[in-house]
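Some notes on the structure that comes next.
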Amino acid sequence: MMWLVALSHSYSQDKEPTCLCYLDGDNSPAGLMGAHTHEKNGWMISYNYARVNMSGMQSGTSLLSEDYVFNKYIMSESKMSMDMHMLMLMYGITDRLSAILMTSYSVNTMNMDMIESTMMTMPDGGNGVMKMTSTNRSMSEKYSGLNDVVFCLNYSLAASEHHTLIASAGVSIPTGSIGAVNANALVEGQRYTYNMPPGSGTWDVLPRLTYIYNTGKFFAGSQVSADLHTGYNSIGYRQGDLYSFTAWTSYRFFKPVGISLRGLFMYTQSISGSDPYLYTIIEPSADAANSGSRTFFVVPGVNVYPGFINGCTLGIEYAKPLYQYFNGIQMPFHSQWMLKAQIAF
């Protein structure tokens with residue numbers, strides 16, 4: 001997953017501004033990506049952290065009881081947390097063109113409840129081996145590893161005193177693992193479910209278009225972006241494409257602190273294909289039919305600008321869903337935290 005900006009112009013007496021660059025910090029929301037370019041030979045280093053919390057079960061817009069889930073599956077997911085640590089490096093190739101390289105590391109933890117004293121016959125005639133080692137109704141699993149590496153180019157299509165338009169073209173390189181076996185699974189040899197591995201297993205295309213308006217203290221903007229998977233991975237499935245739109249306002253009401261508010265809409269398509277080493281009867285997240293969603297978040301945030309470090313920004317955002325629709329049975333979002341610490345030079 002789950003991947004930042006400065007909104008002040010550079011000027012000269014004999015030319016129009018061509019980029020957004022850092023003067024005294026980054027005025028954009030903490031979770032926003034790809035909305036600026038640097039001046040030629042300018043650098044930025046950024047560390048970002050995101051924590052996603054999910055809980056319960058939902059189908060469409062309706063919350064479900066565990067008993068409802070147990071009518072179809074042996075287990076029901078109850079809680080999940082996703083922690084992502086991101087390190088990003090940005091460099092200004094020209095005044096209009098900047099390059100971004102990002103790597104990240106994820107830790108995903110999921111808690112599940114199970115029907116007590118469940119006995120199961122494998123649908124494949126017994127190729128799987130049962131591992132019923134406990135009668136405890138609850139269990140958990142954890143998966144951690146490097147995510148796919150992202151390389152991106154940002155180009156300033158237009159820039160004036162108050163308006164900026166930036167196009168981004170990126171690629172996600174399939175360096176994250178997708179084939180690890182879950183040692184805690186009920187069935188020996190079963191891999192982790194679709195929502196646990198950090199990689200997609202495919203080369204992904206990442207287009208993005210960003211518009212920003214600023215008056216010096218007040219900022220507003222919008223961004224449309226996508227994560228497009230180019231085919232099926234080596235296991236035999238393709239993650240659903242992701243489309244997102246966000247619009248925001250921010251205000252730097254005095255020099256050390258700024259506040260922001262944005263709305264975020266995300267549309268995720270369903271998974272195509274399936275993993276032959278996932279038994280869909282065990283849990284909802286092992287069933288590719290339970291994928292695809294539409295969600296809308298409201299996201300307030302705060303940025304802090306340490307005056308003793310030029311070009312440094314510390315930011316935080318908190319996202320809360322206002323609307324969620326899920327295909328099949330899935331875990332709904334509860335909340336998300338996003339933090340950034342970055343410096344430009």
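Each value in this text was obtained by applying a stated rule to the coordinates, not by laboratory testing. On a predicted model such as this, the values are computed, not experimentally measured, just so you know. FYI the Cβ positions are ideal-geometry reconstructions off the backbone, even for glycines, and counts take in every protein chain you see.
Before moving on, here are some points about what is shown:
- Each residue in His229, His334 was given a count of other beta-carbon atoms within 10 angstrom of its own, and listing them fewest first yields His334, His229.
- Each of Val52, Val298 has some number of other Cβ atoms within 10 Å of its Cβ, and from fewest to most they run Val298, Val52.
- Between Phe70 and Glu116, residue separation times 0.36 nm minus the direct Cα-Cα distance comes to 15.5 nm.
- Given (i) 42, 20, 17; (ii) 33, 28, 20; (iii) 49, 20, 17, the label whose value is semi-axes √(5λ) of the Cα gyration tensor in Å derived from this model: (i)
- Centroid-to-centroid, using Cα positions, the stretch 298-324 and the stretch 67-112 are 19 Å apart.
- Summary value for the stretch 237-345: 23 percent relative contact order, contacts being C-alpha pairs under 8 angstrom separated by 6+ residues.
- Inter-label distance, Arg294 to Glu188: 4.6 nm, where each label sits 7 Å from its Cα along the C-beta direction.
- Taking the stretch 75-114 and dividing mean pair separation by its residue count, relative contact order in percent (alpha carbons under 8 Å, at least six apart): 57 percent
- For the stretch 295-305, the Karplus equation 6.51 cos²θ - 1.76 cosθ + 1.60, evaluated at θ = phi - 60°, returns couplings of 9, 10, 10, 9, 9, x, x, 9, 10, 10, 10 Hz by residue, with Gly and Pro reported as x.
- Distance between the stretch 224-284 and the stretch 132-194 - C-alpha centres, whole angstrom: 10 Å
- Note on Arg137/Lys320: beta-carbon distance plugged into 1/(1 + (r/R0)^6) with R0 of 30 Å gives a FRET efficiency of 0.50.
- Fully extended contour minus Cα-Cα distance, from Trp337 to Lys255, at 0.36 nm per residue: 27.1 nm
- Chain lengthening between Arg51 and Ser222 when straightened (0.36 nm per residue, less Cα-Cα): 59.2 nm
- When Cys312, Cys152 are sorted by how many other C-beta atoms sit within 10 angstrom of their C-beta, beginning with the fewest, the order is Cys312, Cys152.
- The stretch 222-239 residues near the modelled Phe245 label - backbone nitrogen below 15 Å, point 7 Å along Cα→Cβ: 222-226
- Annotation: amide H-H contacts under 5 Å for His334 (H modelled 1.01 Å from N, sequence separation of 5 or more, or interchain): Asn53, Met54, Ser55.
- Only DSSP H runs of four or more residues enter the estimate; each adds -39500 (n - 2.57), and after division by the residues of the chain the mean residue ellipticity at 222 nm equals -500 deg cm²/dmol.
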